[in-house]
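What follows is one structure encoded as structure tokens, with my remarks underneath.
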Amino acid sequence: MKSAQLNGLKTYTQAVQEGKYDLYVGNLFGKYDNVRTYWEDQLTRIVLRPFLSDLVDNQRKNNQGIRIVDLGCGAGQGYDILTKIDRHNLDLSLQHKRILPNDDLSLFLGLDISQAMVEKGQVLFADHPHVRFKQADLSEGLGELKTTEAPFDLYFSSYGSLSHLARKDLVNLLQDICHHGRHGSLVVMDLIGRYSIEWPDFWDAQSEEEKVREYNMSYLYSEPVRQTIDIESFPIRFWTGEEIRELTQEITADTGINLEVLKLVDRSILVGRHTDTRAFNPKLKQSRRLINSLHEDYLRTNLEELILDATIFPNHQFITPLLHELINSWNILIKFTRHRLSHNYSLSELKGWDSFPKPLQFALMTMDRVISDVGWMWYCDPRANIIEPQLGYALRTLEYEMQQGWGCGHGLIAVLRIG
């Protein structure tokens, strides 16, 4: 693996030039599609909420602001993720109360190998005096930051940036972080999961060489455009939850500093980026495109197309049973919603209700209530604008509550703490 963060540099530079790292939300495809906006970013916030809340509260007691370094920051999208986390689930009467308002942020330092990304970030955040960007190669660890910067409260990464690193380079980076950070500093890694349905051929990788595979970002482009351009491929290291635990134990043994796993979460199990491109698994249904449609105003989705086939994946000791249960629950929720749109249908009539997982029972009750409550509306297409987005959120919650943090999603979020 060549200098890790150089991998994909052409892709990222071109993406910046084409405006794909400008800040905007929602779309049917591309970097900031609806799944990214309404599923992935929101799930990352849900995962981080309790840990970031404790971190901020502790620093407030000491009258200190929060210091964050974003590792592989791109153009600064991590800032938007971290500063828009609500302290509590909002009821109908509450306004937003953010865990990390600007006043509590002392420094947000973004590091990226791409000078184009650094310059884009500097433009986008020109009016944020506490936000800085710097070019850095994370395959060399924290580099000069070890001597020029005080410890950070949060060492943060998002959307696979650290999967660009070879394992030995990630070990080196984490060792630097453990020595540089303070007691209680958090480390958030967002890696590419090896057990994703997007690449079942990778599930049985054993050697370190097999765990590094060629990857691409063809999802940045619509399908017609993908057929006409040359898309760069570059090596990515795919991870499992078990490997993260082994990694932290190794770091702890090597440094004498405890690095504790607080939480592992699989994100985007059935709607990963490459479910649509099918670049690694041509058998997949384009489920991400359909979920994007659920969240699009005034666009009705053919719900029948959302039914997934659980038989197309190879047998695996613990991955296949998890996928079967999740896909079965997903399909039950879709079928119930389809039928409920045109029929008065009682949940008690559902065969097997008592055996359903609790997340599925809650999702079914949610959709039953939503359809019942808005069925009388005639203005502004309540199906497209109310019912379908709520179905999207119900599917998102179903996926989140049934995941195990094994590396079964496109993304594997690891929340660690320096002890």
Give segment 278-297 a look and list any residue that's under 20 Å from ASP201 (Cα atoms) and among the aliphatic types (A, V, I, L, M), or say none.
ALA279, LEU284
Residue identified as exposed (fewer than 14 other Cβ atoms within 10 Å of the Cβ) and at pLDDT below 95 among HIS316, HIS343, HIS324:
HIS343
Can you name the residue in segment 206-247 that is under 18 Å from the mean Cα position of the chain (by Cα) and in a loop (DSSP other than H, G, I, E, B) and is also modelled with the lowest pLDDT among such residues?
MET217
Residue that is surrounded by the fewest Cβ atoms within 10 Å (Cβ to Cβ), among those in segment 365-419 that are without any contact (Cβ under 8 Å) to a residue 60 or more places away in the chain and within 25 Å of the chain's Cα centre (by Cα):
GLU401
Considering only segment 317-330, I want to know if a residue exists there that is of a type in the set (Ser, Thr, Tyr) and either closer than 30 Å to ASP381 by Cβ or assigned to a loop (DSSP other than H, G, I, E, B) (or both).
yes
Evaluate segment 245-268: report whether one residue or more is β-branched (Val, Ile, Thr), under 23 Å from LEU322 (Cα atoms) and either surrounded by 22 or more Cβ atoms within 10 Å (Cβ to Cβ) or outside the structural domain of LEU170 (by TED's automatic domain parsing) (or both).
no
Look at THR311 and say whether it is over 23 Å from the mean Cα position of the chain (by Cα), touching a residue at least 40 places away in the same chain (Cβ under 8 Å) and not in a helix (DSSP H, G or I).
no
Of the residues in segment 173-205, those that are assigned to a helix (DSSP H, G or I), in contact with a Phe, Trp or Tyr (Cβ under 8 Å, 6 or more places away or on another chain) and surrounded by fewer than 24 Cβ atoms within 10 Å (Cβ to Cβ) number 4
Can you tell me which of (1) free of Cβ contacts under 8 Å to residues at least 40 places away in the same chain; (2) assigned to a helix (DSSP H, G or I); (3) aliphatic (A, V, I, L, M) is the one ILE291 doesn't meet?
(1)
Counting only residues that are touching a residue at least 60 places away in the same chain (Cβ under 8 Å), out of contact with any Ser or Thr (no Cβ under 6 Å at 6 or more places or on another chain) and surrounded by fewer than 22 Cβ atoms within 10 Å (Cβ to Cβ), segment 141-172 contains a total of 7
Between a residue in segment 224-236 that is assigned by TED's automatic domain parsing to the domain that holds GLY193 and surrounded by 12 or more Cβ atoms within 10 Å (Cβ to Cβ) and any residue that is among the polar types (S, T, N, Q) and in a loop (DSSP other than H, G, I, E, B), which pairs come within a Cβ distance under 9 Å, given they are 6 or more apart or on different chains?
PHE234/ASN7; PRO235/ASN7; ILE236/ASN7
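The values are calculated or read from the model by the stated rules, or taken from the named source; none is laboratory data. Quick caveat: nothing in here was measured; it's all calculated off a predicted structure. Counting neighbours? That spans all protein chains shown, and the Cβs are built from the backbone with ideal geometry, glycine included.
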